[in-house]
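Nothing in this text is a laboratory measurement; each read-out follows from the coordinates by a stated rule. In this text, all values refer to a predicted model and were calculated from it rather than measured experimentally. Glycine also receives a Cβ, built like all others from the backbone with ideal geometry; neighbour counts cover every protein chain displayed.
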Amino acid sequence: MGVSPKHLGLGGILLLLGAGAGWAGHTYIEDRYKAETAGLAERILPTALPTSQEAIAQAPPAQSLPVDANFIANAVNRVGPSVVRIDASRPVSSLNDPFERRLFRRFFGEESPQQLPQQPQLPERLEQGTGSGFILTADGKLLTNAHVIEGAEQVSVTLKDGRTFIGEVMGADPVTDVAVIKIEATDLPVAPLGTTANLSPGQWAIAIGNPLGLDNTVTAGIISALDRTSTQVGIADKRVQFIQTDAAINPGNSGGPLLNASGEVIGMNTAIRANAQGLGFAIPIETAKRISDQLFETGEVQHPYLGIQMVNLSEEMRDRINQDPEIGVKINQDSGVVIVRVMPDTPAESAGLQRGDVIKRINDTVIVDVTDVQSQVEKTV
């Protein structure tokens, strides 16, 4: 049976009226509920909750990256005049030349020249090296790397404005690769020092130096990582926790400053990994400044030491040690750092440390690897 248009219209009207009545009833109940609960809300929540806009307005401002498109140029303009070029020369024997050493091995076997008295003494030659540095004080105190001035007592220091001075090497510390130089000058531009306390990977990093003889070169990137150990960097004889950056660092950048986005020195560029791209390393400015202060004051740095040889302990290392009859110790642990040798006449020997002892904790700090031991010992200064 069909449905007439008349019936369809009436049903649609009833449906719409029903929907309207439903919404009207809902609105009446909701208004009544609001009225009844208004006093309760005021008693329980005397202060109204902020709206989303109010919450945003009340929130503390978030730190953001520099909005100035020229912030790198501004940072360089602030620090650039305090960055110097350091030219050092040192006498070296011609026999230090790799090609000549190969010739000696070819004709005289593995004997060293000192074992060949019939060989005439060859004249010394001067080896030239160029690095970077930056000015710490207006009266001419400079900071650079120890390997930049190695073997030199005096160096040539060239400022960005072209002035050249003879610099006296006041001291160098090969353990941290920090050196200091003094030039006779006044009213010099000083590099503003920052801090690494709030540094984190991803922040801007700006390097200034003289790579490959190209003075006043600026490169920029980010902080790639923090607390890289000397072993990870490939210079295990140093005692530094390095800043890693992908700002381009090349030979000649050594000793130059690494800056943050505000143009403050946060590190001293020091090393690169051979055959790698985007891997540069800098000494944190706190370490460099602490060492430089001691060098300017006394000309040397006293580093605390234990006098032990040690290796990271693992299950594999434990088994190797336990199976080696020459070591003669048995270890029941598989974590920490194990002492494999105690040097004579050292603090370790005086303290009674012995081969096979496992270092688990120093000054309430859990020891995971040998770097932790070195770090804790260094902090005892």
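Directionally averaged projected area (region 204-298, Cα convex hull): 6.3 nm². With 0.36 nm allotted per residue and the present C-alpha distance subtracted, the D215-Q302 stretch has 27.9 nm of extension available. Quick one: which residues, 5+ away or cross-chain, put their amide H under 5 Å from the amide H of G167? H built at 1.01 Å from N. Long-range HN contacts for G167: V155, S156, V157. Among S89, S230, a tally of other beta-carbon atoms within 10 Å of each Cβ gives an order, fewest to most, of S89, S230.
From least to most packed, judged by other beta carbons within 10 angstrom and beginning with the fewest, L313, L143, L353 follow the order L353, L313, L143.
Extending 7 Å from Cα along the Cβ direction at D187 and again at R290 yields two label points whose distance is 3.7 nm. Under 12 Å from a point 7 Å along the Cα-to-Cβ line of D139: which residues of region 166-207 have their amide N that close? Under 12 Å, as judged by backbone N against the label point of D139, lie 183-187 of region 166-207. Fewest neighbouring Cβ atoms within 10 Å first, the residues K160, K238, K182 line up as K160, K182, K238. Taking amide H positions as modeled 1.01 Å from N, with prolines and chain starts lacking one, the residues under 5 Å from I362 and 5 or more places away or on another chain are I367. Across the alpha-carbon atoms of region 134-213, the computed radius of gyration and Dmax are 14.1, 39 angstrom.
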